[in-house]
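Worksheet for the structure shown next.
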Ligand code: GRF
């Protein structure tokens, strides 16, 4: 898991793994922020964690190589971004081809980038939500694995909307990981094909 902040998605995935709801194990957490509360969550669950700060590296490639080395050292097969606040270059993608996913708090391709919930709210969208997608070279762009819709209510606030979207994030992120663990996810161009479960 690659994080920068609070780590509530990390927590949802740890909980799903620990209770056997997903056939996966969170084996390493990397944060680019030393003070990220996500790190404390990893420690609490005895999950290996590392702080890898961008400022300690001369190039983005070197930074991403260090992240890749950390994950490979723990046998990571799938890299999950959750609230990771940096744009990835090509290096990590090369190290984990087709094996990096992200969650975004809007229904892509609408409202990519920062502060997506506020963007949707201020645009006047009646429906927003969240998206789990593969990561590619462009921001919030790769093939979509799963989405959940969340209504924008009359009298809503950005904060209330954020909270309801986050709840859905916590529900669908583990589900998407489980689909991948069951090898039911195939990328066909821009489309992700989900095979029926046995
Ligand atoms: C989530 O809304 C996620 O979609 C976005 O950043 C937030 C991270 O929350 N990319 P958390 O750190 O998982 O609590």
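Just so you know, all these numbers are worked out from the coordinates, no wet-lab data involved. This one's a predicted model, so the numbers in the text were calculated from it and none came from an experiment. Reconstructed Cβ throughout: ideal geometry from the backbone, glycine too, with neighbour counts over all protein chains shown.
The fewest-to-most ranking of 59, 4, 49 by surrounding Cβ atoms within 10 Å reads 59, 4, 49.
Multiplying the residue separation of residue 55 and residue 43 by 0.36 nm and subtracting their alpha-carbon distance yields 2.0 nm. Of all the options 95, 58, 25, the one that moves most in a Gaussian network model of the chain with Cα springs shorter than 10 angstrom is 58. What separates the Cα centres of the stretch 47-90 and the stretch 170-198 is a distance of 24 Å. Annotation: the residues 146, 85, sorted from fewest to most other C-beta atoms within 10 Å of their own C-beta, follow the order 85, 146. Here the calculated FRET efficiency for residue 171 and residue 65, from their Cβ-Cβ distance with R0 = 30 Å, stands at 0.35, rounded to the nearest 0.05. Viscosity 1.002 mPa s, temperature 20 °C: what is the translational diffusion coefficient of the chain from Stokes-Einstein with a Kirkwood Rh over Cα pairs, rounded to a whole number of µm²/s? Answer from the Stokes-Einstein relation: 125 µm²/s. Counting only alpha carbon atoms, the long axis of helix 60-73 and the longest principal axis of the chain meet at about 80°.
Helix-only mean residue ellipticity at 222 nm, the chain, DSSP H runs n ≥ 4 weighted -39,500 (n - 2.57), per residue, nearest 500. What is it?
Estimated from H runs of four or more residues: -11000 deg cm²/dmol.
Working out 0.36 nm times the residue gap between residue 87 and residue 138, then minus their Cα-Cα distance, what length gain in nm do you get to one decimal?
17.5 nm
Take every DSSP beta bridge whose two residues both sit in the chain; close to 60 percent of them are antiparallel. Against the chain, whose longest principal axis is taken from its Cα atoms, helix 158-181 shows a tilt of about 50°.
If one computes P(r) from the Cα atoms of the stretch 115-198, what percent of pairs lie at distances over 20 Å?
Of all Cα-Cα pairs in the stretch 115-198, 42 percent lie more than 20 Å apart.
For the chain, the longest principal axis of the C-alpha atoms and the axis of helix 8-18 are separated by about 70°. Between 140, 156, 32, the Gaussian network model of the chain with springs among Cα atoms under 10 angstrom shows the greatest mean-square fluctuation at 156.
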